[in-house]
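Everything below concerns the one structure shown next.
The values are calculated or read from the model by the stated rules, or taken from the named source; none is laboratory data. As the structure is a prediction and not an experimental result, all values here were calculated from the model. When we count neighbours, we look across all protein chains shown, and the Cβ atoms used for this are built from the backbone with ideal geometry, even at glycine.
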Amino acid sequence: MARRKLAIDAATRAKDVSGNVYIVTGANSGVGLETTRQLVKQGGHVVMACRRTSAGEEATQSFSGLKGSYEVMKLDLADLQSVRNFVTEFQQRHDRLDGLACNAGMVNMSGAPVYTKDGFEITWAASYYGHFLLTELLLDMLKQSAPSRWLIVSSVVHAGNPRNRPDVHLDDLHYKTRDYSGFGSYAEAKVATVLYAKELAERLEGTGVSTFSVHPGWARSNFGSGASFPMNVILNMISPISNMMGMSDSNEESAQTSLHCLLSDDAPNHSGAYFSQSSTLYRDPGTRDGGWPMESPNPNAKNMETARQLVAKSYELVGLETT
C-alpha cells in the first residue's frame, strides 16, 4: 500500500500573504528552498538566510514570475557573531516579521566531534544554538507583528525507539566527557528543538506568536553532504532504494509540514506541538502516519522541566541575559 503523505489543502495553498515578511534559514536548497518558493508564490517576501549566499542567489533564478519577492542574506548558524550581524541587518531593512522558519541543520559524520569557534559541537551549533540565538534576538519583532508564527525543524530521529530514547544531557551538552556519535548528537539536538518549541509556546502564551517543531519527512535533499567516504558510499547506495520504494519524499512533499505550520488556519490552535510528515522511520506503533500535530513518542521530548533548564542554560551559553 502506498504511504499516505500529508499536504496543505487548497485553501491554505491559495491564501494571499502579500505584505508578510518571512525568514527561512537554509533557504538555498532542499526543504528550505521549497518552503521559500511556496511563500513567494503566495505573495510573501522571504529573506533567504544562507551560509553560502552565492547558492542562495543561484536558487532564486527559479522564482521568475512568482507573485512575491525575496532577498538573500548571509547567515552562518555555527557562528554566533554571524547570527548577531544578520539580526542587526534584518532589523535595519525590515520593521515586521510574520514568520521565522528555523529550517537549516546538519549532522557531523566525520566520526569525531568538531567544535565551532564559540565552543559548541557543530551539529548542535547549526541545528539548535544558532537558531536559539536568532529566535531570542527576534522575539520582540515576532510579538510586535502578531499574529505571527515560528517553527524549528526537528527529525524523526528525535523519537528513537522504545529501547533507546535520545535525551539532552545538560551536564555535558558538548561531548567533553561522553563518547561521541554524530547521529547521537543529531538526535539529541533534535530533542532540544522539540523542547524549545514547547518552552517558547509556554513563555509566549497570549502574545499571538505560535510555535511549532516539525519533522519534514525523509527528504531527498543534500543532507549528509560532507560525510566521510565510507558513509557517502552507504548513502549513495541507500538513496536510490529508498526513492524507488517510496520511503523518501521530494523536497516539495517534505516542505508541506512547514508550510502547514506557517500558513494554515488550524496550526495556531496547537502552539508548542510537534508536527510530522508520515515516515517509515518511526519505530513506535501508530506513529508512521505522522500527524498535524502528533504526539512525540519520546517522553524526554515532553519534559517541561528539562525544557526550562535547557533554555536557561542556552541563554548563558550564547551570552544572553535572561529576561
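Structure values in brief
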{"item": "Evaluation of Leu66 against (1) touching a Lys or Arg at 6+ places or on another chain (Cβ under 6 Å); (2) in contact (Cβ under 8 Å) with a residue 40 or more places away in the chain; (3) not polar (S, T, N, Q) (one fails), failing number", "result": "(2)"}
{"item": "Residue in segment 105-114 that is of a type outside the set (Phe, Trp, Tyr), more than 23 Å from Ser258 (Cα to Cα) and free of Cβ contacts under 8 Å to residues at least 12 places away in the same chain present", "result": "yes"}
{"item": "Pick from segment 284-310, criterion surrounded by 15 or more Cβ atoms within 10 Å (Cβ to Cβ) and of a type in the set (D, E, K, R), ranking: nearest to Ser213 (Cα to Cα)", "result": "Lys302"}
{"item": "Test: Leu39 is touching a Phe, Trp or Tyr at 6+ places or on another chain (Cβ under 6 Å), crowded, with 20+ Cβ neighbours inside 10 Å, in contact (Cβ under 8 Å) with a residue 40 or more places away in the chain and under 28 Å from Trp218 (Cβ atoms)", "result": "yes"}
{"item": "Of all residues making up segment 152-195, the number that are in contact with a Leu (Cβ under 7 Å, 6 or more places away or on another chain) and crowded, with 17+ Cβ neighbours inside 10 Å", "result": "4"}
{"item": "Qualifying residue in segment 87-98 (condition: surrounded by 21 or more Cβ atoms within 10 Å (Cβ to Cβ), under 18 Å from Glu188 (Cα atoms), in contact with a Phe, Trp or Tyr (Cβ under 8 Å, 6 or more places away or on another chain) and at pLDDT 95 or above)", "result": "no"}
{"item": "Conditions (1) in contact with a helix residue (DSSP H, G or I) (Cβ under 8 Å, 6 or more places away or on another chain); (2) farther than 27 Å from Lys302 by Cβ; (3) part of a helix (DSSP H, G or I): number failed by Ser110", "result": "(3)"}
{"item": "Thr177 being free of Cβ contacts under 8 Å to residues at least 40 places away in the same chain, in a loop (DSSP other than H, G, I, E, B) and β-branched (Val, Ile, Thr)", "result": "yes"}
{"item": "Filtered residues of segment 51-86 (kept if under 19 Å from the mean Cα position of the chain (by Cα), surrounded by fewer than 18 Cβ atoms within 10 Å (Cβ to Cβ) and closer than 22 Å to Asn20 by Cβ)", "result": "Met73"}
